[in-house]
Amino acid sequence: MSQPGRQPAGSVRELELRVNPIACDAHGVCIALLPELITADPWGYPVIRPGPVPLRLLALARRAVADCPTLALLLTEHQQQQPDRTRARRQG
């Protein structure tokens, strides 16, 4: 039996980037460090590609998080969307 909060052996934890829009001052450091995943909106604020960070970009993502001057960039565990079971029950 696995312990709560622990990954099964052999599984890979997927991480995703998120931005705290209130803390972000649009310095653009994250955009410069990780243009593969982060682009700028018309005002210079980051727009992050949804989904998990590819393993080949994980080191760059961690650096972008660490170098954010306002600590607005976060690397969190990717939350897979669960099917809406209540809707499925109502339809079926």
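The values are calculated or read from the model by the stated rules, or taken from the named source; none is laboratory data. Everything numeric in this text was worked out from a predicted model, so none of it was measured. In this analysis, Cβ positions are derived from the backbone assuming ideal geometry, glycine residues included, and neighbour counts consider all displayed protein chains.
Quick notes on this structure:
- For the stretch 16-37, the set of residues classified as in a loop (DSSP other than H, G, I, E, B) and charged (D, E, K, R) consists of Asp25, Glu36, listed by residue number.
- Note on the stretch 36-51: residues that are surrounded by 16 or more Cβ atoms within 10 Å (Cβ to Cβ) and over 16 Å from Cys24 (Cα atoms) total 1.
- Output for the stretch 53-92, where each listed residue is closer than 21 Å to Arg13 by Cβ, surrounded by 11 or more Cβ atoms within 10 Å (Cβ to Cβ), of a type outside the set (A, V, I, L, M, F, W, C) and modelled with pLDDT of 95 or more: Pro54, Arg62, Arg63
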